[in-house]
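In what follows, a structure is listed as structure tokens, so that the remarks can point back to it.
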Amino acid sequence: MIDHSLLHPTMTDADVPEGLRISKKYGVATACVSQELQGSGVLVCPVIGFPHGNSTTEVKVFEANQAAAAGGKEIDMVANIGKVLRGEWAYVAEEIRQINDVVVRHGAILKVIFENDYLEEEHVIRLCEICSDIGVALQPNGLYTYKGATVRHLQLMREHSKPEVQVKAAGGIRTLDDLLHVMSLGVTRIGVTATVAIMEAAVTRGITDQPTEVEFKPISGPSTGGY
């Protein structure tokens, strides 16, 4: 369920191996560098159009093709936020469609990042509808956001997406209770840097890879953003 984030702008090449070691130790869903992950079940998750989504469609398609051809199995793309805010939905939809086609052709899946902090609810809903129509595999709420994942936005995304389209919470999920709360909303993936703290808390509370009943403290308000 966890995408272990190695995307902070201050991260150096020397920091990456430790992040990948954590990814392998806890068997997370994805991380970022292929060679370091060989022999593990952790998939490679490159990002394109990062972090603001305002590259041209041609550049994003090129990045997606290169990333998937190099072994990326889950490709995160940032939607063009400026086009979304202007209501240029034909452009937004066609860009997502082109990138999804390229990614799927390589046997990978596409995740479309919304950056909900910048959007009104009607924008979030329309993006969900577009991604559902195209058949995008998964929708993260954002990456570098001020508020992070909010309960309201995650509820909106789940409500307005087809059942087969997964919803990912990214930003502000720092504790096991946060993770359990967003899971209860229908979220199936989270993007965090707090992987170690979350996994150690799960062990302490007796959570295993088997179905387990557990109570959690709900998120009381907007998160503090970031990872």
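With the highest mean first, a sort of the peptides 170-178, 40-48 on other beta-carbon atoms found within 10 angstrom per residue produces 170-178, 40-48. Result for the chain in a Gaussian network model with C-alpha springs under 10 Å: among Q155, Q66, Q210, the largest mean-square fluctuation is at Q210.
From least to most packed, judged by other beta carbons within 10 angstrom and beginning with the fewest, S161, S184 follow the order S184, S161. Between Y26 and L85, the modelled labels are 3.3 nm apart [label points 7 Å from Cα along Cα→Cβ]. Cross-link check: pairs K111/K217; K73/K162; K60/K83 evaluated at a Cα-Cα cut-off of 20 Å; pairs beyond the cut-off: K111/K217; K73/K162. Computed over all pairs of different Cα atoms, the Kirkwood value for the hydrodynamic radius of the chain is 17.7 Å. Were the residues from R105 through E58 laid out at 0.36 nm apart, the gain over their Cα-Cα distance would be 15.2 nm.
Since every read-out is calculated from the coordinates, none of them should be taken as a lab result. Keep in mind that what you see is a predicted model, and the values were worked out from it rather than measured. Note: ideal-geometry Cβ built from the backbone for every residue, glycine included; neighbour counts use all protein chains shown.
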